[in-house]
Structure formats: structure tokens, C-alpha cells
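Chemist: Questions regarding the structure given below will be posed in turn.
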Amino acid sequence: MSSPTLGGPVRSFRRPEPPAKPISVPELAAEVIERANRDVPADAALRSVLKNARGLSPVEAEAISRAVFQHYRWFGWLDADGPIEARLEHSAELAARFDRDPVSFSDSDLRAHTVPEWTWLHVEAPAHWARSLQSAPRLWLRVHPAYIEELPQELEVCPGPFAGSFLYQGSEDLFIHPAFQAGEFEIQDLASQAVSLVCAPRGTETWWDACAGEGGKTLHLSALMGGKGMIWASDRAAWRLERLRRRTARAHCFNYRVAPWDGGEKPPTKTEFDGILVDAPCSGVGTWGRNPHARWTTTPIDIQELVEAQRRLLTNARGSLKPGGRLIYAVCTVTRAETVEISDWFTHTFASEFEPLPFANPFSPQAPVGSPLTLWPNDTGGNGMFIAAWKRKSVA
């Protein structure tokens, strides 16, 4: 029994919780930047911070994301040793000035500060490539053929250069949109879509997506094949193939098989293919407009190591082609060593087995055919991409 007091019985009480700390966009953006490093990409750090932040509105989440990527986009202009908050403020000012008056930044200044100095020893780029890296990247969709007529009525989009390609201009979280969940569209960069168009697979063929990753190009190949034929999808990482399975299930893609492959001499199947796509691991320099953090973590040593991997993948994949089959090499980078030098090496090394295969540029189908092809962001509005193709010679 409680003891009587002047105020009546003693009652237990709970100490009120302190009010929630107001959300600070600069503080959370600074936390992302503090976590990001060579081993933890900025987008992974961003996802982690946003996931753990309570009471965050979509507008605030977007503001944090924008602040982080502006910081890395304009990092070459910032005092790297200064406080993060000051760098965030400065990068926001530079971004606003670029949006308002882009010509106030000279090409020479952009070349000097947009990317690390070593870049120009490895990349022969058009004059406006550096400028194109400073604009916010465009978000491209690839719509399933069955929904091309109706989906644009649900989303803020405008048509792109390819059938089924659309530029997204809205602000919704597309990953939770009912149409995305129903498999009606994919989020896929234009340059990535161009690779599958160069492959030009037919529904009567069997293809091998040798470095399938999480399956973006596997899905596009399947759509181009009308869900017919067969695609073997390989990757060395089991977790990527598991994500591929989830993506294909959502997209109602069934004409594929998964076969792990580490790039070694033994192929994942004895099947002979009509076409093989080697979308090889690369330095990703072509994605630096979309992924500015990588500009400051990628090194020339990475390029050297990746060239060895690219050569090994092409060498070990080539034997699985039928006579007359097509081998497509694609990388989302623009360094000489990973693009034209790889293409020249393969052409000369395997001249007795393969011949270059000319193809039309998907962005300029009326232009003369050729091979290889470099796609620049300032020309296409997508990532930078390199594509080369060969045909296996028929048996004499």
C-alpha cells in the first residue's frame, strides 16, 4: 500500500523522453562523407546513414544525397583539409553557380579540377567531357514493350532515343513504385541499353552474359529476344546472382539459367553460344558523372590490374562461341588501356580465330557501321561506354 501524503498516494511516474533532436542535413551529409572511403563507396555510406536516421522525410533524404554528391563533384575546388561543413557549403555554392552560369567555369579550369591529374595520362577525351561530369546525372528507364503506351501516363517521363527508353523527370522513389514492382520498367542507363542493342540477340539464339552482375543486361537481352531462346548468366559473386534471380522474378524473365563462373579456363557449361557478352569489370571512369566519389578513390594501379582481368575473361570466354558467333566486349570506362588497347590486343592475338564485327551506333543508326565504339556522356546523356565486337570465323 502506498504511504499517505498531503497530496494523496505516492504514484510512480515515467521521466518524459527528451524531444527528438532536429534533423540537420549538413550534419548527416558530413557523417556520410566521414564514413566514405576507398572500401566504403559514398552511395553505400549514404544508404546506411539514411536507413538509421529516424523521422527523415523524403525531401530531407534528397537534400542529404544532393549535398554528398555535390561535395565529391566539386571536390577538386575544395580545401581537402578544411572542415567538412565548410566544404559542403562551398560545394553547394559552386553547384548553384554552375547551374546558373555554366560558362563562368572555363574548360581549362574544369579540366584542371574536375578529375585527378593522372586521368589525362590515360584518357583522350573530347573537350566538353569534364564539363559534362559536373551536371546532375540523368535517370533513364527502359520500359517493357507491353507497357510502352500506358506507363508514360503514370510517370513524369519523356521519350529517349531508343524504343522503350524514357528520361525520368519526376521525384518519386521509383524502387517502390507499383509499376516497378510489377516489372513494367527497369532503371537502366542509356549506355547500358546501347550495349544490348549492339548484341542484337534473336529469340532463336542462345547467349551467354558472362559477367552478368545483378542482371541489368540479362533482362534487356531477354526482352530483345521476346522471352524466347536461352541466356546463361554468370558472375563470380554468388550474392550478385541471387539479386539477379530476384530481379528476373520481378520482371517475369524466365528464359535464362544461372551458372557461376570465376573467369577461369573452364567455362560454366559445355553449351556453344550464338553470342557472348563480356561486360567486363573495369575502372568505371565512364560513370564518374553519376558516381563522383569514385573519381577520388580510383587509381592507375586499379587500371593495370583490371586490364589483366579483362584479357583473361575474353581469352577464356571466346572458346564457347559457335563458328559465326558474335563476341561483344563492353566496359563503362574510357581509359585507353581498357578500351582501344584491349580491342587491338584481342584482334591481333586471335586474328586466326576472330575478325572485327562492324555494327551500327545505336545513337546514330544512319551513320556508317564500324567497331569499336566509344560513347561519351556529353554526346549521349548517359554514362561513358566502350563497345567492341568480333565474329568467330567459320571452320574451314
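The values are calculated or read from the model by the stated rules, or taken from the named source; none is laboratory data. Keep in mind it's a predicted model, so treat the numbers as computed, not measured. Here the Cβ is made from the backbone with ideal geometry for all residues, glycine too, and neighbour counts use every protein chain on show.
Chemist: Could you pull out every one of the helices (runs of 4 or more DSSP H) wholly within segment 141-243 that has 2 or more residues that are out of contact with any Leu (no Cβ under 7 Å at 6 or more places or on another chain) and either small (Gly, Ala, Ser) or free of Cβ contacts under 8 Å to residues at least 24 places away in the same chain (or both)? Spell out how you get there, then give the answer.
Modeler: Working: elements: 178-181, 190-199, 216-224.
Result: 216-224.
Chemist: While we're looking at this one, here's another question. Mind counting the residues in segment 249-283 that are more than 18 Å from Arg318 (Cβ to Cβ) and within 18 Å of the chain's Cα centre (by Cα)? Walk me through how you get there before you give the answer.
Modeler: First, the residues of segment 249-283 that are more than 18 Å from Arg318 (Cβ to Cβ): 249-258, 260, 282-283.
So of that shortlist, the ones also within 18 Å of the chain's Cα centre (by Cα) come out as 282-283.
So the answer is 2.
Chemist: Right, here's the next one. Looking only at segment 333-359, count every residue that is in contact (Cβ under 8 Å) with a residue 60 or more places away in the chain and either among the acidic types (Asp, Glu) or over 16 Å from Leu314 (Cα atoms) (or both) and tell me the total.
Modeler: First, the residues of segment 333-359 that are in contact (Cβ under 8 Å) with a residue 60 or more places away in the chain: 334-337, 359.
Among the residues that remain, those that are also either among the acidic types (Asp, Glu) or over 16 Å from Leu314 (Cα atoms) (or both) are: 334-336, 359.
Going through segment 333-359 one residue at a time, the tally reaches 4.
Chemist: Right, another one. Taking the conditions exactly as written (in contact with a strand residue (DSSP E or B) (Cβ under 8 Å, 6 or more places away or on another chain), farther than 18 Å from Lys322 by Cβ and modelled with pLDDT under 95), does Ala233 satisfy them or not? Walk me through it before giving the result.
Modeler: Working: in contact with a strand residue (DSSP E or B) (Cβ under 8 Å, 6 or more places away or on another chain): yes; farther than 18 Å from Lys322 by Cβ: yes; modelled with pLDDT under 95: no.
So Ala233 fails the test.
Chemist: Go through segment 321-379 residue by residue and tally those that are under 18 Å from the mean Cα position of the chain (by Cα) and buried (at least 22 other Cβ atoms within 10 Å of the Cβ). It would help to see each step written out before you state the result.
Modeler: Step one: filter segment 321-379 for residues under 18 Å from the mean Cα position of the chain (by Cα), giving 329-335, 338-339, 374-379.
Next cut, buried (at least 22 other Cβ atoms within 10 Å of the Cβ) only: 329-335, 338-339, 375, 377.
Number of matching residues: 11.
Chemist: Additional query: What do you reckon, is Thr374 of a type in the set (Ser, Thr, Tyr) and either in contact with a Lys or Arg (Cβ under 9 Å, 6 or more places away or on another chain) or free of Cβ contacts under 8 Å to residues at least 24 places away in the same chain (or both)? Walk me through how you get there before you give the answer.
Modeler: Values: of a type in the set (Ser, Thr, Tyr): yes; either in contact with a Lys or Arg (Cβ under 9 Å, 6 or more places away or on another chain) or free of Cβ contacts under 8 Å to residues at least 24 places away in the same chain (or both): no.
Criteria not met by Thr374.
Chemist: Being small (Gly, Ala, Ser) and over 11 Å from Arg290 (Cα atoms) is the filter; apply it to segment 382-392 and report the residue that is surrounded by the fewest Cβ atoms within 10 Å (Cβ to Cβ). Write out each step before concluding.
Modeler: Taking segment 382-392 as the starting set, the residues that turn out to be small (Gly, Ala, Ser) are 382, 384, 388-389.
If we keep only those that are over 11 Å from Arg290 (Cα atoms) too, we end up with 388-389.
Details: Ala388: 26, Ala389: 24.
Across segment 382-392, the extreme among qualifying residues is Ala389.
Chemist: Please determine whether any residue of segment 200-209 is acidic (Asp, Glu) and within 28 Å of Val369 (Cα to Cα).
Modeler: So in segment 200-209, the residues acidic (Asp, Glu) come out as 205, 209.
Right, trim to within 28 Å of Val369 (Cα to Cα) and you get 205, 209.
Within segment 200-209, one or more residues are acidic (Asp, Glu) and within 28 Å of Val369 (Cα to Cα).
Chemist: Can you find a residue that is in contact (Cβ under 8 Å) with a residue 24 or more places away in the chain, crowded, with 20+ Cβ neighbours inside 10 Å and of a type in the set (Lys, Arg) anywhere in segment 255-265?
Modeler: no
Chemist: Separate question: Output yes when any residue across segment 93-116 is surrounded by 12 or more Cβ atoms within 10 Å (Cβ to Cβ), modelled with pLDDT under 95 and in contact with a Pro (Cβ under 9 Å, 6 or more places away or on another chain), and no when none is.
Modeler: No, every residue in segment 93-116 fails to be surrounded by 12 or more Cβ atoms within 10 Å (Cβ to Cβ), modelled with pLDDT under 95 and in contact with a Pro (Cβ under 9 Å, 6 or more places away or on another chain).
Chemist: Any residue at all in segment 137-148 that is over 16 Å from Asp189 (Cβ atoms) and at pLDDT 95 or above? I'd like the intermediate steps shown before the answer.
Modeler: Quick first cut of segment 137-148, residues over 16 Å from Asp189 (Cβ atoms) only: 144-148.
From what's left, at pLDDT 95 or above: none.
Looking through segment 137-148, none of the residues is over 16 Å from Asp189 (Cβ atoms) and at pLDDT 95 or above.
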